[in-house]
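Working notes, structure below.
The values are calculated or read from the model by the stated rules, or taken from the named source; none is laboratory data. As the structure is a computational prediction, the values presented were derived from the model and not from experiment. Reconstructed Cβ throughout: ideal geometry from the backbone, glycine too, with neighbour counts over all protein chains shown. To get the accessible areas, we keep the full protein, side chains included, count just its heavy atoms, and leave off ligands, DNA and RNA. Shrake-Rupley method; radii C 1.70, N 1.55, O 1.52, S 1.80 Å.
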Amino acid sequence: MLTRTRWVIAAAAALIFLVPLRAEGEPNDPSAIPIPQLDFDDPTKSVVARVKFTSRTSATVERVKVSKSRAHTHIGDPPILKLGLTDVDGQVIDRINTWSPLWTYQEGSDHVGLRTGGSGSFIVPFSPALSTMTVTDVALGQDVLTVDLKPPLREFCLANPADPDCLEADLAVTSVTPVAPLFAVMGKPVTVTVASVIANTGPDGPVTAVVRQDLAVGEGLTASAGTTVETGLAAGATQTLTREYTVTCDQAGAKTIDFTTSIKPKRATVIDPDASDDTRTTRLTVDCAIPVTINIKPGSAENEVNLNGNGVVPVAVLTTTAGEYGNPVAFDATRIDASTLRFGPPAKLLASTGAPEAHGKIHVEKSVEPDERTVDADKDAVTHYRYDVLSVGDTTACVVGRAAGLTFYGCDNVTVRD
């Protein structure tokens, strides 16, 4: 038979944090657990979580608050339940042994037992970095409940802004600026760069801010996911955060992306007094172009362009069916709007500096296909452009324009000589 210590209980205690009495025997044997005594010598604030147990492995939170009353000592508490306290980084602050409301005793007697349900308050020291408290049944080795401690910490600091553990930092997103290519071709990924400017207008700092950069794509687009980053912001400081997204057009036409950046303090004890400027959204319209097939200098396999030559370089824009030459959608070249045509190397077209159609019109005819021999039954558009848009060293030249209200884009190999 194990010898048990006489229990001394403070009458006002709801539950139950223990002074240095070590447990003997098995932790799931009530008779082997020493009687708790209470210690009120800790002058700091505490966090109180009232928890209702319906069994050893099932519990719910009834309420959580920050109390200005003193927390009890945890030294020597018996290993019945363990409280795991973690900070906002997921790091363990402390692991605390404690009593369970399912364990019963009678003052002045040796009777100890277990009951099927009951409520109790877990009281732990206050820390401005607190995030969660996990309650674990030690004997079973099973987590029973995780308590979110951030809401009560925030509530406390809202009510007590002068408390030394509470800070005030007005965080804001001041701008969200996306930069995208002039157009994107269906099926070919492009990079969209988004610059978000964030700020801490104070009065306190530095604080750690959690910034979410996200996007919502409209129909006909796919894109890489958003991201969350953490950054330190001194009072009065601004930062520019740059994020690159990969965007792919699945359909032709004007498609939209909404880029949203939001900011919040990482710690619950940092209060942002004005949430109206914590989120900002900017819409970007992506011009999704139809890929088409072109043939520079129809009938010539070399596609050689001599910059000292006279005249213009002919370029056929071909009418194709869906799937022909790998193009995803059908294209009718006879519907090209000649005033929209531009020709040149890819970089110049993306910079909107290509050469226009030299004659201001298209020539509808049956052109030679890319094998430089075949002429099929459909009508194509032969166009003409000045040589001087090209440079020695260019190996690719392209045409961009609009047909039937949609942008199209096609490229071919070229050899440029001086």
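At a glance:
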| item | result |
| --- | --- |
| Condition check for Ala199: modelled with pLDDT of 95 or more and not β-branched (Val, Ile, Thr) | yes |
| Entirely in segment 7-102, the strands (runs of 3 or more DSSP E) that have 3 or more residues that are at pLDDT below 50 and open to solvent by 20 Å² or more (accessible area, probe 1.4 Å) | none |
| Lone qualifier among Gly344, Gly354, Gly393 - being at pLDDT 95 or above and not acidic (Asp, Glu) | Gly344 |
| Evaluation of Asp394 against (1) touching a residue at least 12 places away in the same chain (Cβ under 8 Å); (2) open to solvent by 50 Å² or more (accessible area, probe 1.4 Å); (3) of a type in the set (D, E, K, R) (one fails), failing number | (2) |
| Residues located in segment 223-242, provided they are within 16 Å of the chain's Cα centre (by Cα) and either touching a residue at least 60 places away in the same chain (Cβ under 8 Å) or open to solvent by 60 Å² or more (accessible area, probe 1.4 Å) (or both) | Ala225, Thr228, Glu230, Thr242 |
| Some residue of segment 328-341 being touching a helix residue (DSSP H, G or I) at 6+ places or on another chain (Cβ under 6 Å), of a type outside the set (Val, Ile, Thr) and farther than 15 Å from Gly410 by Cα | no |
| In segment 135-162, residue most open to solvent (accessible area, probe 1.4 Å) [restricted to those that are outside any strand (DSSP E or B) and without any contact (Cβ under 8 Å) to a residue 24 or more places away in the chain] | Ala162 |
| Which numbered condition Phe343 misses (of (1) assigned to a strand (DSSP E or B); (2) open to solvent by 50 Å² or more (accessible area, probe 1.4 Å)) | (2) |
| Residue within segment 194-206 that is out of contact with any Pro (no Cβ under 7 Å at 6 or more places or on another chain), under 18 Å from Val286 (Cβ atoms), in a strand (DSSP E or B) and in contact (Cβ under 8 Å) with a residue 24 or more places away in the chain present | yes |
| Cβ pairs under 9 Å, 6+ apart, first in segment 65-81 and at positive phi, second open to solvent by less than 60 Å² (accessible area, probe 1.4 Å) and modelled with pLDDT of 75 or more | Gly76/Asn97 |
| Residues satisfying the stated conditions in segment 370-418, i.e. more than 47 Å from the chain's Cα centre (by Cα) and either under 13 Å from Leu318 (Cβ atoms) or in a loop (DSSP other than H, G, I, E, B) (or both) | Asp371, Glu372, Arg373, Thr374, Val375, Asp376, Ala377, Asp378, Lys379, Val382, Asp418 |
| Options Ala129, Ala209; residue that is open to solvent by less than 40 Å² (accessible area, probe 1.4 Å), modelled with pLDDT of 95 or more and either closer than 30 Å to Tyr409 by Cβ or under 26 Å from the mean Cα position of the chain (by Cα) (or both) | Ala209 |
| Selection within segment 227-265 - small (Gly, Ala, Ser) and part of a strand (DSSP E or B) | Gly232, Gly253, Ala254, Ser262 |
| Answer from Ala381, Ala358, Ala404 - the residue that is open to solvent by less than 40 Å² (accessible area, probe 1.4 Å) and out of contact with any Pro (no Cβ under 6 Å at 6 or more places or on another chain) | Ala381 |
| Failed criterion for Ala268 (all others in (1) outside any strand (DSSP E or B); (2) open to solvent by 50 Å² or more (accessible area, probe 1.4 Å) hold) | (2) |
| Residue under evaluation Thr256, criteria (1) under 30 Å from Leu233 (Cβ atoms); (2) open to solvent by 10 Å² or more (accessible area, probe 1.4 Å); (3) not small (Gly, Ala, Ser), criterion not met | (1) |
